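Working notes for the structure below.
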Amino acid sequence: MTKIIHIPQVEGFEKEIQQMAQAILDDETVILPTETVYGLGAHGLHSKAIKKIYEAKGRPQDNPLILHISHRSMLEQCIDGEVSEVARKCMDAFWPGPLTLIFKKHAQVPQEITAGLPTVAVRMPNHPVALRIIEEANVPVAAPSANRSGKPSPTQSQHVIDDMNGRVDYIVTSNDCEVGLESTVLDLSGKTPIILRPGGVTKEQLEDLLGMEVWQSDLILDTQTPRAPGMKYTHYAPEAPMFLVMGSVEHMINYINKQVLIHHSQHKKVAVIGYDEYQSLIHGDFVVSLGSLQNQVEVAHNVFDALRQCDQKQVDIIYAIGLDDKQLGSAIMNRLRKAAGHQSIEV
């Protein structure tokens with residue numbers, strides 16, 4: 001039976017924090033709030049605990065996990081070799097925060113964390129409750145998104161309860177996740193930094209910081225083992241088929257409105273995911289705005305909740321309107337493409 005513990009802040013909740021830290025040390029599963037999405041946490045150096053994560057999520061075991069730490073000194077438990085100057089700059093600028101770095105792994109890191117790869121992904125979350133629980137446990141905590149594998153990631157406590165109640169030992173509820181998208185994953189194990197998954201830290205921010213080109217490679221072949229979460233399998237998918245529509249604003253809206261009429265003639269219920277600027281122009285049964293195109297942070301924050309709203313409305317088909325993939329738009333479009341199973345329509 002899952003126990004739900006509400007920890008809105010660190011102050012006044014030390015007893016609950018110590019209880020959750022002990023649960024992690026006892027190889028139990030604890031869902032934690034972070035600034036990106038809720039994470040399904042367990043002892044990151046114990047194979048028994050890590051296997052519970054895969055079982056709870058129904059996650060393929062060749063999909064690596066991220067280790068979460070509360071202090072840089074904990075890197076010694078995770079990585080092999082010295083921290084490079086590039087890594088140090090990234091940590092100085094973006095830790096704690098939505099940036100995961102990939103290093104050569106320490107010998108004690110279990111194969112279940114790395115999916116057999118020689119590298120390990122590590123980040124320091126920017127959430128006081130998560131940081132305090134990890135600090136109290138004093139071990140790296142593996143924590144993929146706390147949803148059933150392939151489904152939209154949870155950004156609100158109710159999302160987690162809906163998905164994982166009865167599948168984990170503890171759920172720590174807190175405030176909604178600030179960022180709303182998973183972390184950027186940056187591979188520093190080679191000579192050139194490579195973004196394996198776009199997220200809350202943008203390619204442009206990293207290039208400005210490092211003064212060098214940063215490559216991006218967030219897709220792989222079906223036969224390959226992914227080097228980071230979110231690269232290989234269907235992710236973030238709603239229940240209904242979803243299509244990402246790209247093109248000029250006029251063409252996108254005209255196309256979607258025509259499709260709505262066709263689907264209505266077939267007695268199908270249509271959802272459209274768009275933006276404040278287009279709300280009055282779209283004719284779907286359920287039209288949800290991600291926010292204003294002028295505020296990418298707001299749009300990113302609302303992506304997963306919009307997908308879950310579509311599920312709640314039990315629609316038959318979903319159309320999502322694309323946007324410019326510069327800056328944070330790259331991460332937003334990455335999630336929309338994957339939610340649509342890479343079914344995109346150019347109009």
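The values are calculated or read from the model by the stated rules, or taken from the named source; none is laboratory data. Since the model is a prediction, treat every value here as computed from it, not as a measurement. Methodologically, a virtual Cβ is constructed for each residue, glycine included, from the backbone with ideal geometry; neighbour enumeration extends over all protein chains shown.
Scan segment 1-21 for residues that are assigned to a loop (DSSP other than H, G, I, E, B), more than 20 Å from ASN138 (Cα to Cα) and either within 16 Å of the chain's Cα centre (by Cα) or among the hydrophobic types (A, V, I, L, M, F, W, C) (or both) and jot them down.
So the first thing to find is which residues in segment 1-21 are assigned to a loop (DSSP other than H, G, I, E, B), and the list is 1-2, 7-13.
Pick out the ones that are also more than 20 Å from ASN138 (Cα to Cα) and you get 1-2, 8, 12.
Across segment 1-21, the qualifying residue is only MET1.
Considering segment 120-148, and only residues there that are among the polar types (S, T, N, Q) and surrounded by fewer than 23 Cβ atoms within 10 Å (Cβ to Cβ), the residue that is farthest from MET20 (Cα to Cα) turns out to be ASN126.
Go through the residues of segment 103-110 one by one and say whether even a single one is farther than 23 Å from LYS191 by Cα, among the basic types (Lys, Arg), touching a Ser or Thr at 6+ places or on another chain (Cβ under 7 Å) and crowded, with 21+ Cβ neighbours inside 10 Å. No - not one qualifying residue is present in segment 103-110.
Does ILE24 count as aliphatic (A, V, I, L, M), within 19 Å of the chain's Cα centre (by Cα) and either in the same structural domain as GLU135 (by TED's automatic domain parsing) or within 16 Å of ALA115 (Cα to Cα) (or both)? So that I can check it myself, show each step before the final result.
Numbers: aliphatic (A, V, I, L, M): yes; within 19 Å of the chain's Cα centre (by Cα): no; either in the same structural domain as GLU135 (by TED's automatic domain parsing) or within 16 Å of ALA115 (Cα to Cα) (or both): yes.
So ILE24 does not fit the description; no.
Residues in segment 22-46 that are within 19 Å of GLN9 (Cβ to Cβ) and buried (at least 24 other Cβ atoms within 10 Å of the Cβ): VAL30, ILE31, LEU32, PRO33, THR34, THR36, TYR38, GLY39, GLY41. All conditions in (1) buried (at least 18 other Cβ atoms within 10 Å of the Cβ); (2) modelled with pLDDT under 95; (3) within 14 Å of the chain's Cα centre (by Cα); (4) closer than 23 Å to THR119 by Cα hold for TYR233, with the sole exception of (1).
Please verify whether GLU207 is closer than 16 Å to PHE94 by Cβ and of a type outside the set (Lys, Arg), treating the condition exactly as stated.
Working: closer than 16 Å to PHE94 by Cβ: yes; of a type outside the set (Lys, Arg): yes.
When the stated conditions are applied, GLU207 passes them.
Only one entry in VAL315, VAL299 is under 18 Å from PRO198 (Cα atoms) and surrounded by 15 or more Cβ atoms within 10 Å (Cβ to Cβ), namely VAL299.
Yes or no: segment 97-109 includes at least one residue that is more than 16 Å from the chain's Cα centre (by Cα) and without any contact (Cβ under 8 Å) to a residue 12 or more places away in the chain. The answer is no; no qualifying residue exists.
Could you please find all residues in segment 64-95 being in contact (Cβ under 8 Å) with a residue 40 or more places away in the chain and closer than 19 Å to THR36 by Cα?
Let us first name the residues in segment 64-95 that are in contact (Cβ under 8 Å) with a residue 40 or more places away in the chain, namely 64-72, 74-75, 77-79, 84, 86-87, 89-90, 93-94.
Those that are in contact (Cβ under 8 Å) with a residue 40 or more places away in the chain and closer than 19 Å to THR36 by Cα: PRO64, LEU65, ILE66, LEU67, HIS68, ILE69, SER70, HIS71, CYS90, ALA93, PHE94.
On the stretch given as segment 80-133, residues that are touching a helix residue (DSSP H, G or I) at 6+ places or on another chain (Cβ under 8 Å) and of a type in the set (Lys, Arg) total 3.
Test ASP27 against the stated conditions and say whether it is part of a loop (DSSP other than H, G, I, E, B), at positive phi, touching a residue at least 24 places away in the same chain (Cβ under 8 Å) and not β-branched (Val, Ile, Thr). Spell out how you get there, then give the answer.
On the way: part of a loop (DSSP other than H, G, I, E, B): yes; at positive phi: yes; touching a residue at least 24 places away in the same chain (Cβ under 8 Å): yes; not β-branched (Val, Ile, Thr): yes.
When the stated conditions are applied, ASP27 passes them.
Looking only at residues that are touching a residue at least 24 places away in the same chain (Cβ under 8 Å) and either in the same structural domain as MET333 (by TED's automatic domain parsing) or out of contact with any helix residue (DSSP H, G or I) (no Cβ under 6 Å at 6 or more places or on another chain) (or both) in segment 173-185, which one is surrounded by the fewest Cβ atoms within 10 Å (Cβ to Cβ)? So, considering only residues that are touching a residue at least 24 places away in the same chain (Cβ under 8 Å) and either in the same structural domain as MET333 (by TED's automatic domain parsing) or out of contact with any helix residue (DSSP H, G or I) (no Cβ under 6 Å at 6 or more places or on another chain) (or both), the one surrounded by the fewest Cβ atoms within 10 Å (Cβ to Cβ) is ASN175.
With respect to GLY44, determine if the residue is at pLDDT below 95 and closer than 21 Å to SER153 by Cα. No.
Contact annotation: residue pairs with Cβ atoms under 8 Å, 6 or more positions apart or on different chains, pairing a residue in segment 112-124 that is under 13 Å from ASP80 (Cα atoms) and of a type outside the set (S, T, N, Q) with a partner that is in a loop (DSSP other than H, G, I, E, B) and modelled with pLDDT of 95 or more, are VAL120/CYS78; VAL120/HIS106; VAL120/VAL109; ALA121/LEU65; VAL122/ILE69; VAL122/CYS78; VAL122/PRO140.
Being polar (S, T, N, Q) and either under 19 Å from GLN314 (Cα atoms) or under 28 Å from the mean Cα position of the chain (by Cα) (or both) is the filter here; which residues of segment 258-295 pass it?
Pass one, segment 258-295, residues polar (S, T, N, Q): 259, 265-266, 279-280, 289, 292, 294-295.
Across segment 258-295, the qualifying residues are GLN259, SER265, GLN266, GLN279, SER289, SER292, GLN294, ASN295.
Within segment 52-67, track down each residue that is touching a helix residue (DSSP H, G or I) at 6+ places or on another chain (Cβ under 6 Å) and modelled with pLDDT of 95 or more.
Scanning segment 52-67 gives a single hit, LEU65.
The residue list ILE195, ILE171, ILE220 contains one member that is more than 22 Å from ALA300 (Cα to Cα) and modelled with pLDDT of 95 or more, which is ILE171.
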